[in-house]
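Bear in mind that the values in this text are calculations on the coordinates, not laboratory data. Quick caveat, the model's predicted, so the values are computed rather than measured. Glycine gets a Cβ as well: all are built from the backbone with ideal geometry, and neighbour counts include every protein chain shown.
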Number of protein chains: 2
Amino acid sequence: MKSEIIAVGSEMLTPHRQDTNSLFLTEKLNELGVTVAFKTIVGDKRKDLASVFRTALGRVDIVILMGGLGPTEDDLTREAVAETLDRKLRRDGPLVAALHIRATNWRIPMPENNLKQADVIEGATILPNDNGSASGQWLDVIFESYRKLIVLVPGPPSECKPLFETEVMPRLRETLPKRAIAKRSLKAAMIPESQADKLLAPVYTTYTDVETTILAHNGDIQLVLQCVKKDQVQAQKRVNELASKLEELLDDWLYSSDGESLEQIVLYYLGLRQATLAVAESCTGGLVAQRITSVPGSSRSFLGGAVVYSNALKTQFADVPAELIEQHGAVSEEVARALAEGIRRRTGATIGLGITGIAGPGGGTETKPVGLVYIAVSDANKTEALERNFRGPRARVRDWAAQQALDLVRRRLM
Amino acid sequence: MKSEIIAVGSEMLTPHRQDTNSLFLTEKLNELGVTVAFKTIVGDKRKDLASVFRTALGRVDIVILMGGLGPTEDDLTREAVAETLDRKLRRDGPLVAALHIRATNWRIPMPENNLKQADVIEGATILPNDNGSASGQWLDVIFESYRKLIVLVPGPPSECKPLFETEVMPRLRETLPKRAIAKRSLKAAMIPESQADKLLAPVYTTYTDVETTILAHNGDIQLVLQCVKKDQVQAQKRVNELASKLEELLDDWLYSSDGESLEQIVLYYLGLRQATLAVAESCTGGLVAQRITSVPGSSRSFLGGAVVYSNALKTQFADVPAELIEQHGAVSEEVARALAEGIRRRTGATIGLGITGIAGPGGGTETKPVGLVYIAVSDANKTEALERNFRGPRARVRDWAAQQALDLVRRRLM
């Protein structure tokens with residue numbers, strides 16, 4: 001079953017705005033075994049909109065129109081769809097009443113124009129919108145002797161997503177041939193994408209009934225396994241079977257078998273070991289602390305730490321001897337070790353993490369180039385350190401360094 | 001002049017990948033007075049690709065095809081375009097040679113299939129790609145008695161952008177009617193979007209020849225002013241005229257008249273005053289430090305600071321008296337002030353910043369709800385503090401708090 005997603009709105013044809021809902025809609029449609037064959041973005045022009053919709057009707061079974069359902073002159077999706085299907089718009093009494101009540105509750109004036117949001121295409125089912133004033137609409141029609149499903153949903157993500165979830169998905173499930181879907185998401189850290197693919201492809205390519213997608217970003221690899229079958233048990237069995245083979249191959253690169261983030265996993269292990277963590281960051285400048293504290297409840301295992309950008313602060317907050325910096329330079333394995341040990345002692349954390357490096361673009365030398373990073377982790381038993389040379393611009397070097405640091409902590413906890 | 005951008009690649013029809021190049025291309029095209037009327041995303045299917053291209057030829061003057069120029073079976077843009085224009089593909093000798101040299105230099109094997117990257121559509125100009133093996137192509141044709149410009153560019157951003165900049169833009173400038181464009185970007189912090197629009201709309205709406213776009217994100221407002229005219233001086237004059245009126249209205253909300261980020265501006269003022277900054281962050285967990293250190297050269301003015309997630313560290317690193325926390329609670333104006341003053345004393349920075357709050361989702365109470373944040377800034381003369389109640393999920397509360405904190409420092413420096 002093929003579908004097309006049409007995103008309506010001139011703002012998405014500027015350099016400043018982009019459709020993002022369609023990623024969510026695609027995931028949902030795929031779950032039902034519906035592929036997205038085309039995505040189209042069109043402005044708030046009735047003629048353009050009508051022709052784009054007409055084209056979509058000619059090439060797919062399901063057309064999702066997103067946006068253009070608001071109260072302004074520019075909101076023309078209802079009109080364009082009705083015109084193309086050669087159907088009338090009727091103003092729906094209950095919707096008109098609901099709009100009036102809404103306006104009263106919010107103590108906002110209701111210009112006549114607002115009422116166009118109560119216009120319903122002949123034969124359409126109204127899809128109530130709990131998060132906004134624009135309802136969705138559902139049409140199941142015969143167009144040029146083919147059956148077409150046409151769905152109108154509002155544009156704002158906060159309205160589009162819940163409405164699609166609660167109103168559209170059940171109707172699609174009911175209408176489409178029954179499918180069962182099984183999904184798993186494996187995650188691994190710091191394995192090069194090419195290496196991962198070389199390692200895993202020979203296995204996952206043999207599972208022709210499981211779709212495997214590899215996503216790589218700054219040292220983080222995600223494998224999305226999806227299997228669509230008539231029978232749920234069968235689908236799950238195939239996915240789990242492949243998953244466990246891939247998990248075995250990924251060995252200790254694997255950090256999650258269920259899609260958690262690396263920082264979530266680190267916090268999970270810290271909790272399990274009843275351990276605490278403190279960090280002393282130089283080149284990552286707070287990036288590691290920020291990632292960890294982005295997880296709700298992180299305060300249970302994360303004490304905090306220091307962003308020791310200046311040499312003075314390395315001494316002040318992590319007791320790195322000034323002579324050590326003098327002797328080896330701020331970016332050195334010795335200083336990374338001292339940072340990890342110092343922040344651990346200072347905070348009384350179970351584990352201390354130290355990071356120092358040259359993020360660039362400036363500050364590199366012959367012997368210490370941009371991208372050189374030292375990372376050390378320390379606990380009661382020992383301190384270990386890594387040297388890495390990351391390539392690319394400042395932001396990339398920082399991201400890779402933070403990822404490597406979190407992975408080093410994870411490995412120490414395992 | 002109307003254009004359509006066609007992004008080619010099945011991966012962009014999955015929930016995992018999205019076209020982003022088109023934002024860059026749109027900005028470039030707008031600079032030449034070319035509007036983007038449609039964006040289409042199509043998979044690596046020759047039939048689909050051909051029909052999408054055919055549709056585009058029917059509705060715009062300039063068609064940009066992005067991607068599908070690689071060496072694999074799936075890369076079919078050249079073939080689909082040639083087929084639709086009813087032109088032949090010829091294998092270009094010099095390109096074949098270049099591919100061989102490239103393969104030798106990189107010590108990579110070159111399968112026969114790679115040579116398809118040397119196929120050129122009859123009458124097309126080759127656009128050399130310095131960053132990859134797939135060249136672009138430029139066609140200036142008469143199609144059904146209308147003149148059409150057709151441009152093929154590679155998909156990877158690292159190849160697409162430089163190639164479009166160096167090869168396509170000059171040709172478009174040469175071909176299209178001469179236009180002069182003037183642009184300005186004003187930025188303001190912590191003014192509500194609705195308030196900004198209410199304040200500014202009466203003015204910018206009177207400048208019908210200047211296009212004004214308001215972009216708002218977590219306490220950051222950007223106004224993009226753009227004017228396209230025949231004459232550069234005239235265009236610039238109009239933009240500057242409007243800009244200075246808006247700047248006056250925005251008063252001290254305005255932090256940048258040329259598109260810099262808030263952290264860049266804070267660092268700029270710190271440099272100007274030969275001042276240094278240190279931060280003590282609780283609920284933002286390193287977010288402020290991370291934003292500041294994302295700017296190259298920030299080490300000149302930013303000393304660093306402490307992420308004091310636990311109460312013990314608030315005392316340990318910022319000398320916040322335990323009794324003070326006991327008495328007022330960790331999330332209180334008193335503790336925010338103590339953090340700012342303590343981190344300043346400890347680090348010897350000119351300015352100290354302290355942040356404490358409840359990011360949520362848990363941890364809120366009747367008297368201290370989720371989203372309550374106290375921010376304090378301290379220098380030799382005085383310490384001032386703010387209380388804010390931010391709404392929304394954890395990430396949003398943290399982003400708003402960091403933005404407010406940076407803005408408070410900016411105001412202190414002005």
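Comparing B:Phe143, B:Phe53, B:Phe24 in a Gaussian network model of chain B, where Cα atoms under 10 Å apart are tied by springs, the biggest mean-square fluctuation is seen for B:Phe143.
One residue of chain A places its C-beta nearer than any other to the axis carrying A onto B; that residue and its whole-Å distance are A:Gly286, 2. The alpha-carbon of B:Lys368 sits under 21 angstrom from the alpha-carbons of these lysines, leaving out residues fewer than 8 places away in its chain: B:Lys314.
Specify the inter-centroid distance of the range A:324-343 and the range B:3-22, based on alpha-carbon positions, in whole Å. For the range A:324-343 versus the range B:3-22, the Cα centre distance is 46 Å.
Between amide H atoms placed 1.01 Å from N, distances below 5 Å from B:Met190 occur with B:Asp220, B:Ile221, all of them 5 or more places distant or on a separate chain. Only beta bridges with both residues in the protein assembly as shown are counted; by DSSP, about 65 percent of them are antiparallel.
Dimensions of chain B from C-alpha coordinates, computed as largest minus smallest value along each principal axis and given longest first, are 83, 55, 42 Å. The stretch between A:Val96 and A:Ala275, if pulled fully straight at 0.36 nm per residue, gains 58.6 nm over its current Cα-Cα span.
At q = 0.14, 0.15, 0.22, 0.31 Å⁻¹ the log10 of I(q)/I(0) for the range B:282-326 amounts to -0.41, -0.46, -0.76, -1.05, computed by Debye summation with a single uniform scatterer per C-alpha, solvent ignored.
Which FRET efficiency value, to the nearest 0.05, do you get for A:Thr213 and B:Gln232 by plugging their Cβ-Cβ distance into 1/(1 + (r/R0)^6) with R0 = 56 Å?
Working: r = 48 Å, r/R0 = 0.85.
So, using R0 = 56 Å, E works out to roughly 0.70.
DSSP finds beta bridges in chain B, and of those with both partners inside it, around 60 percent are antiparallel.
Taken along the Cα-to-beta-carbon direction at a fixed 7 Å, the label points for B:Gln222 and A:Glu27 span 2.5 nm.
Computed on the Cα atoms alone, the convex hull of the range A:138-238 gives a volume of 171 cubic angstrom per residue. Annotation note: GluC sites (Glu not before Pro) in the range A:296-404 located in DSSP loop regions with a Cβ neighbour count of at most 10 within 10 Å are A:Glu366.
What value in Å³ per residue do you get for the convex hull of the alpha-carbon atoms in the range B:180-256? Could the numbers behind the result be given before it?
Details: hull volume 5.4 nm³, N = 77.
About 70 Å³ per residue, rounded to a whole number.
Other residues with beta-carbon under 13 Å from the beta-carbon of B:Val63 carry, at +1 per Lys or Arg and -1 per Asp or Glu, a net charge of +3. According to the Kirkwood relation over distinct C-alpha pairs, the hydrodynamic radius of the range B:262-413 is 14.9 Å.
When A:Met1, B:Met12 are ordered from fewest to most other Cβ atoms inside 10 Å of their Cβ, what list results? Write down the numbers at each step before the final one.
Details: A:Met1 17, B:Met12 23.
Fewest-to-most ranking of A:Met1, B:Met12: A:Met1, B:Met12.
Given the DSSP H assignment, sum -39500 (n - 2.57) over each helix run of at least 4 residues in chain A and divide by its residue total; what's the result at 222 nm in deg cm²/dmol, nearest 500? Walk me through the numbers on the way to the answer.
Details: 14 runs with 160 residues, N = 414.
It comes out at -12000 deg cm²/dmol, rounded to the nearest 500.
Highest GNM mean-square fluctuation, chain B, Cα pairs closer than 10 Å: which of B:Asp231, B:Asp379, B:Asp86? Maximum fluctuation in the GNM of chain B, among the listed residues, is at B:Asp86.
Computing Rg and the Kirkwood Rh from the Cα coordinates of the protein assembly as shown gives a ratio, Rg/Rh, of 0.97.
Per residue of A:346-357, how many C-beta atoms from partner chains lie within 10 Å of its own C-beta, taken as a mean?
Numbers: counts 3, 6, 4, 2, 0, 0, 0, 0, 0, 0, 0, 0.
The shielding value for this peptide is 1.
Here's the picture: a label point sits 7 Å out from the Cα of B:Asn240 along the beta-carbon direction, and within the range B:177-209 the residues with their amide nitrogen under 15 Å of it are B:181-185. Shielding value for B:20-26 is 3, the average number of Cβ atoms from other chains within 10 Å of each residue's Cβ. Stretching the chain fully between A:Arg147 and A:Met110 yields a gain of 9.5 nm (0.36 nm per residue, less the alpha carbon separation).
Give me A:Val308, B:Val60 sorted ascending by neighbouring Cβ count inside 10 Å, so fewest comes first.
On the way: A:Val308 32, B:Val60 21.
Taking fewest neighbouring Cβ atoms as first place, the list is B:Val60, A:Val308.
Reported to the nearest whole Å, the Cα centre-to-centre distance from the range B:366-414 to the range A:261-320 is 22. For chain B, with a Gaussian network of springs between Cα atoms less than 10 Å apart, report the residue from B:Ile265, B:Ile126, B:Ile142 with the top mean-square fluctuation. Residue with maximal mean-square fluctuation among B:Ile265, B:Ile126, B:Ile142: B:Ile142.
With 32 Å as the limit, the listed pairs B:Lys161/B:Lys237; A:Lys45/B:Lys230; A:Lys161/A:Lys198; A:Lys39/B:Lys148; A:Lys178/B:Lys2 have A:Lys161/A:Lys198; A:Lys178/B:Lys2 beyond it between alpha carbons. P(r) for the range A:2-175, from all Cα pairs and a bin width of 10 Å, is 10, 41, 38, 11, 1 %, short bins first. The alpha carbon centroids of the range A:31-83 and the range A:175-241 are separated by 32 Å. Each other copy holds its own label point for A:Thr166; taking that point as 7 Å from Cα along Cα to Cβ, the gaps run 5.4 nm, nearest first. Among beta bridges identified by DSSP and lying wholly in the range B:2-175, the antiparallel ones come to about 45 percent.
Please compute the average number of Cβ atoms from other chains found within 10 Å of each residue's Cβ in peptide B:56-63.
Working: counts 0, 0, 2, 5, 0, 0, 0, 0.
What the average comes to for B:56-63 is 1.
Database remark: amide H of B:Gly68 closer than 5 angstrom to the amide H of B:Gly155 (H placed geometrically; neighbours at sequence offset of 5 or more, or on other chains; Pro and chain starts carry no H).
Apply the membrane-span-like helix rule to chain B: whole DSSP H runs, Cα extent along the own long axis of at least 30 Å, mean Kyte-Doolittle hydropathy at least 0.5. List the helices found.
Values: long enough: none.
Qualifying helices, which must be both long enough and hydrophobic enough, do not occur.
Electrostatic tally near A:Thr72: other residues with Cβ closer than 12 Å to its Cβ, Lys and Arg +1, Asp and Glu -1, net -3.
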